[in-house]
Amino acid sequence: MVEAVVAVAFLTAVVTYLGTEQHSGPREETAVIPGPPDRGRPALPSRGVEPPGADAVTPGLQPRQRPPSPSPSPTPSPSKPAAGPQLTVSRGEVPALVDLTAVGTVDWVHWGLLGADTPVRKRNGSGEIRDEGGRGDRDSYSNNPEAYAWRDGTPVQSASGTTSGVYTCDEGNGFVLTVAGNGELRTVRLYAGLWMARGRLDVRLSTGGPTSTLRMEDPHTEQTAEFTIRFRAPRGAKLLMTWTVEESFGDCGNVGVQAVALR
């Protein structure tokens with residue numbers, strides 16, 4: 001009994017001692033104090049390996065943006081060179097009735113109806129057909145094998161079918177006619193003829209170049225032709241047509257002109 005009481009008393013003393021343990025100094029406690037925020041760029045999630053330069057940034061652009069591909073500079077179209085002079089001449093038969101209003105949409109001239117010195121012209125025409133004269137005296141006639149008509153003339157407003165024209169006799173005599181150039185391809189029709197002669201037509205441009213020559217002859221009677229001339233000449237230049245008696249086969253072998261039309 002006495003041992004039991006002693007044991008209980010001992011245990012009570014031990015417990016009391018442990019509950020009242022004293023420390024020699026103040027108790028230290030450890031705490032984690034947060035540091036200043038990291039001002040660097042936040043870490044990005046890791047990605048796969050990028051090729052060198054993949055993250056290069058062009059000033060003014062956001063990361064991963066690519067500068068737009070520059071648009072190709074338009075290639076200037078080469079200026080079209082101006083077309084050079086051109087000249088072709090052909091010969092055909094004259095229709096039984098020539099409508100000058102239809103074939104001379106730009107200008108036309110007819111000779112003989114009002115005598116040797118007064119032609120009839122297209123009213124409000126361009127005035128680009130010019131009679132430059134020529135050697136020899138002229139006379140008019142009224143028995144041409146083909147007829148000419150118009151509806152827009154001056155000083156004669158209309159004609160339904162005149163057979164008049166002008167002519168000049170003897171070798172070396174003839175007509176000089178011109179048409180102005182405008183830089184575009186133009187078509188001229190010269191209606192001409194001869195009687196007991198060989199006629200020579202020389203066609204050239206005032207800018208130079210070769211002369212186109214056509215000949216026509218009839219030693220016994222008359223002959224007519226429609227000469228079609230296509231030409232291109234710059235402004236200020238002109239087409240020159242010379243229709244002359246190259247050889248006469250009679251007392252008054254001659255060449256004649258009825259009309260010129262431009263379109």
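What follows is calculated from the coordinates using simple rules that are stated; it is not laboratory data. This structure is a prediction, so every number in the text was calculated from the model and none was measured. Positions of Cβ are backbone-derived with ideal geometry, glycine not excepted, and every protein chain shown enters the neighbour counts.
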Of Glu146, Glu93, how do they rank once you tally other Cβ atoms within 10 Å and put the fewest first?
Glu93, Glu146
Across all directions of projection, what mean area in square nanometres is found for the Cα convex hull of the range 86-262?
8.9
Sequence ranges 184-193, 106-115, ranked by mean other-Cβ count within 10 angstrom, highest first
106-115, 184-193
Residue span Leu240 to Asn182: 0.36 nm per residue of separation minus Cα-Cα distance leaves a gain in nm of 19.5 nm
Among Ser248, Ser158, Ser206, which comes first, second and so on when ranked by fewest other beta-carbon atoms within 10 Å?
Ser158, Ser206, Ser248
Protection proxy (average C-beta count within 10 Å per residue), highest first, orders 83-91, 250-258 as 250-258, 83-91
Simple spin-label estimate for Asn124/Arg215, 7 Å along Cα→Cβ, in nm, reads 4.6
Tell me the chymotrypsin sites (Phe, Trp or Tyr not before Pro) within the range 213-256 that lie in a loop according to DSSP and have at most 16 other beta-carbon atoms within 10 Å.
Phe249
